[in-house]
1. Determine whether VAL268 is open to solvent by less than 30 Å² (accessible area, probe 1.4 Å), within 27 Å of TYR221 (Cβ to Cβ) and in contact (Cβ under 8 Å) with a residue 12 or more places away in the chain.
2. Please enumerate the residues belonging to the range 140-171 that are in a loop (DSSP other than H, G, I, E, B) and aromatic (Phe, Trp, Tyr).
3. Could you tell me whether any residue of the range 301-321 is within 30 Å of THR231 (Cβ to Cβ), open to solvent by 40 Å² or more (accessible area, probe 1.4 Å) and in contact with an Asp or Glu (Cβ under 8 Å, 6 or more places away or on another chain)?
4. Within the range 187-205, which residues are assigned to a helix (DSSP H, G or I), out of contact with any Cys (no Cβ under 8 Å at 6 or more places or on another chain) and not acidic (Asp, Glu)?
5. Can you pull out every residue in the range 338-353 that is within 20 Å of THR312 (Cβ to Cβ) and either open to solvent by 60 Å² or more (accessible area, probe 1.4 Å) or hydroxyl-bearing (Ser, Thr, Tyr) (or both)?
6. Quick one: would you say GLY352 is over 36 Å from the mean Cα position of the chain (by Cα) and not aromatic (Phe, Trp, Tyr)?
7. Name the single residue that is least open to solvent (accessible area, probe 1.4 Å) among those in the range 322-335 being within 15 Å of VAL295 (Cβ to Cβ) and in a loop (DSSP other than H, G, I, E, B).
8. Just to confirm my filter: which helices (runs of 4 or more DSSP H) fall fully inside the range 206-275 and include at least 1 residues that are within 30 Å of LYS301 (Cβ to Cβ)?
Amino acid sequence: MKRIFFFAFLTIASTTLLCTNAGAQDKTHQTNDDDDSWSGDFPDNPGLWSAVVRDDKVHIQFGGRHWSSGASFALSELGPLPTDKQGSFTVKRDAGTVTFNGVFEGKRGHGTYSFEQDPAFRSYLAQEGFSTITEELMIHLYFTNINKAYFGYMKESGYTGITLDELKHLAEENMNQVVMTNYFELFRKENYGKVSLDKVVELCEHGVRPSLIARFHELGYSDISLDKAVTLVDHGVSPEFVADMKKIGQRNITLDEAIELVDHGVSVEFVKELTDMGYSNISLEKATELVDHGVSAGFIKEFKGLGFKDLTLGKAVELADHGVSAEFIRRMQDKGLKNLSLDEYIRLRDGGM
């Protein structure tokens with residue numbers, strides 16, 4: 001059996017996973033090929049690992065010369081962990097076995113590790129048409145737990161003839177069987193038909209989870225396409241944002257309007273504050289205009305505090321465009337220029353006051 005070693009300086013980080021579940025893998029991070037910290041005899045160096053136990057899961061960070069990656073394991077999969085003193089434990093999956101040497105102190109552990117490929121699984125991959133699997137891909141298959149049952153499940157779901165590139169993307173994006181099951185169930189339930197593997201990987205890569213699409217459907221957007229779902233996530237539009245807009249009166253908000261609002265920095269809180277100040281039935285277009293011109297809820301409140309109770313949103317935009325702030329008006333009033341109209345204060349500002 002051929003043993004593969006990896007080396008990296010790693011720490012546990014609060015990484016947000018794109019497709020999370022039991023046995024999940026963090027996204028791969030590339031390192032600089034010219035990094036002098038890597039020794040020339042890299043393949044002979046042992047790898048370093050660090051881990052944290054959270055409930056019934058153990059999150060372990062690994063790495064290689066050109067990448068770092070994390071994987072989550074069920075605590076039961078690891079068996080007894082060495083505590084208080086150095087020890088070892090192994091985790092075997094179809095792709096191979098990782099042997100860990102180190103110690104756990106409380107909920108955290110660290111040490112060295114090595115990965116050993118399983119030659120029988122490599123032969124199985126060759127029979128499936130994958131005769132040029134790299135050592136790096138093998139360990140990613142291990143992280144994602146892509147095994148014989150996985151290939152059987154994919155075939156049963158209608159995905160035969162998976163290419164090497166597709167397999168690589170599935171492994172690196174943590175498209176394990178749990179993830180794929182969630183997507184396939186969504187596609188069947190919502191009548192998306194058979195979706196290409198490239199599209200499924202794209203969804204996961206962009207953070208479009210099945211639950212997110214289902215939530216948009218629950219909000220009344222039953223005709224949302226997968227491409228639109230990707231666009232929504234890329235622009236930072238969440239189902240919660242749309243739901244909250246509906247709660248404050250924007251019941252007919254479209255997804256394109258939601259995208260425009262987020263792009264322009266219009267928050268739910270901003271629209272709610274305007275509504276609470278008496279600006280009922282404010283249009284989303286007007287809310288966007290206000291933000292674009294630098295008019296905040298605080299800006300309007302300050303003018304109301306100065307006695308301009310009937311300030312319109314259009315006049316607020318005009319004030320901001322001319323550089324008239326509440327502070328400017330207070331300075332003018334301190335100079336004796338009191339009881340002027342807003343238009344008069346604008347003329348004073350335009351005149352260089």
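The values are calculated or read from the model by the stated rules, or taken from the named source; none is laboratory data. For clarity, every value in this text was computed on a predicted model and none was experimentally measured. Note that we place each Cβ from the backbone using ideal geometry, even for glycine, and neighbour counts take in every protein chain shown. Calculation scope for accessible area: heavy atoms of the full protein, side chains included, ligands and nucleic acids excluded. Shrake-Rupley method; radii C 1.70, N 1.55, O 1.52, S 1.80 Å.
1. Judged against the criteria, VAL268 is a match.
2. Answer for the range 140-171, where residues must be in a loop (DSSP other than H, G, I, E, B) and aromatic (Phe, Trp, Tyr): just TYR159.
3. Keep residues of the range 301-321 that are within 30 Å of THR231 (Cβ to Cβ), which gives 313, 317.
This time we only want the ones that are open to solvent by 40 Å² or more (accessible area, probe 1.4 Å), so: none.
No, the conditions are met nowhere in the range 301-321.
4. As a first pass, look at the range 187-205 and keep what is assigned to a helix (DSSP H, G or I): 187-189, 197-205.
Cutting the leftovers down to out of contact with any Cys (no Cβ under 8 Å at 6 or more places or on another chain) gives us 187-189, 197-203, 205.
Result: PHE187, ARG188, LYS189, LEU197, LYS199, VAL200, VAL201, LEU203.
5. ASN339, SER341, ASP343, GLU344, TYR345, ARG347, ARG349, ASP350
6. Values: over 36 Å from the mean Cα position of the chain (by Cα): yes; not aromatic (Phe, Trp, Tyr): yes.
Answer is yes for this residue.
7. VAL324
8. 239-247, 255-263
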